[in-house]
1. Give me the number: length gained by fully extending residue 32 to residue 132, i.e. 0.36 nm times residue separation minus the C-alpha to C-alpha distance, one decimal in nm.
2. With the Cα gyration tensor of the range 200-357 giving a ≥ b ≥ c as the square roots of its eigenvalues, does the rule (a/c under 1.5 for rounded; else a/b larger than b/c for prolate; else oblate) give rounded, prolate or oblate?
3. Grab the alpha carbons of the range 215-260, take their convex hull, and tell me the volume per residue in Å³.
4. Take the alpha carbon gyration tensor of the range 159-214, find the square roots of its eigenvalues, order them as a ≥ b ≥ c, and report rounded if a/c is under 1.5; if not, report prolate when a/b exceeds b/c, else oblate.
5. Report the semi-axes of the equivalent ellipsoid for the range 278-355 in whole Å, largest first, where each axis is √(5λ) for an eigenvalue λ of the Cα gyration tensor.
6. Can you give the extra length, in nm with one decimal, that the chain gains between residue 333 and residue 363 once fully stretched, where that is 0.36 nm per residue apart less the Cα-Cα distance?
7. How would you classify the range 316-363 from its alpha-carbon gyration tensor, with a ≥ b ≥ c the square roots of the eigenvalues: rounded for a/c under 1.5, else prolate if a/b is greater than b/c, otherwise oblate?
8. Go ahead and run the numbers for FRET between residue 276 and residue 298, Cβ-Cβ distance against an R0 of 22 Å, rounding to 0.05.
């Protein structure tokens with residue numbers, strides 16, 4: 001519809017112009033001595049229009065000629081920008097394809113663009129890092145560090161790249177210094193915390209590892225299974241492998257959050273560490289706190305081990321018995337609790353109660369390793385029991401020991 005309207009408008013204007021020229025009978029006289037030029041008014045107007053158009057075209061050509069160098073530079077810059085952007089896209093694709101040499105080469109070719117040069121250099125450094133060309137990657141980052149302003153957002157990307165590269169080189173101190181510089185700049189994102197955890201693990205700073213893991217746990221930045229495993233490993237290193245005396249170990253344990261002290265695996269590590277240092281009351285308190293939160297058979301086994309510890313006094317063992325009997329009201333058929341009661345009674349030389357608890361636990365036990373431990377305890381009980389027939393006690397003990405050995409072998413084969 002629009003083309004038709006334009007055509008009609010142009011046709012109307014042409015008709016009006018033709019009618020106007022027919023009605024115009026004027027003349028124009030140009031005196032150029034000694035010549036006289038007579039022109040019709042219509043021709044004169046036409047010549048003026050043509051002259052104006054020619055002058056306008058000439059001026060446009062001159063202006064365009066003046067812009068040619070600038071346009072040529074712009075054209076070259078546009079072509080260079082397109083080539084650099086294409087190189088950057090191909091570099092990213094090659095990087096994620098695992099073709100790191102090609103990615104580094106293409107990223108270096110994309111550094112001709114001032115706006116893209118820092119990112120291209122970071123990508124080149126990452127590619128060199130993946131190829132374990134750490135010297136070249138460090139050189140790229142140092143060059144970039146001199147070009148980038150300290151307050152620029154790219155500073156975070158540079159520091160993150162450097163920290164990961166230092167971690168790959170097992171330079172824990174360097175990685176921690178880099179992360180500290182990153183945190184001083186105000187960047188506290190999750191990836192930096194993960195790098196900090198790995199660096200602290202590499203440096204053996206297990207207390208710092210636990211602190212970082214608590215932060216990651218609050219932010220839900222790690223899978224719960226991975227977080228639990230890392231926390232357990234840090235606690236194992238801190239509680240069992242570090243050279244701490246009893247007082248420092250107890251102070252360290254009390255600094256743990258209650259949520260961690262209630263976890264069975266961590267509580268078991270702490271209890272073993274306390275027993276190793278002869279701190280039976282601390283081990284008992286640790287196990288009771290954990291059992292109040294999570295009822296676990298392994299904790300009950302450790303609880304009974306407290307009764308047989310050389311540093312366990314009679315009042316402590318009686319406390320163990322009283323507490324275990326209290327638990328029995330709510331767990332009357334718990335095999336681990338009955339076994340623990342039997343071992344505690346053995347330590348108090350309550351032979352009758354010990355035999356009753358151990359035999360009851362043996363009837364309920366299903367696992368070979370548990371049955372083996374119960375037979376071993378019953379064998380020890382038979383040896384210690386005063387009976388008119390010593391030979392009968394020895395035969396009973398021997399039978400239990402034989403059963404314990406067979407069940408232990410069976411449990412080993414099953415594993």
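1. Residue separation times 0.36 nm, minus the Cα-Cα distance, leaves 27.1 nm.
2. Since a/c reaches 1.5 and a/b is larger than b/c, the shape of the range 200-357 is classed as prolate.
3. In the range 215-260, the Cα hull volume divided by residue count equals 72 Å³.
4. Oblate, because a/c is 1.5 or more while a/b does not exceed b/c.
5. 17, 16, 9
6. Working it through step by step, the gained length comes to 9.8 nm.
7. Oblate is the answer for the range 316-363, as a/c is 1.5 or above yet b/c matches or exceeds a/b.
8. The calculated FRET efficiency here is 0.85.
Values quoted throughout were computed directly from the atomic coordinates according to the rules given, and no laboratory measurement underlies them. Just so it is clear, the structure is predicted and the values come from calculations on it, not from any experiment. Quick reminder, even Gly has a Cβ in these numbers, built from the backbone with ideal geometry, and neighbours come from all protein chains shown.
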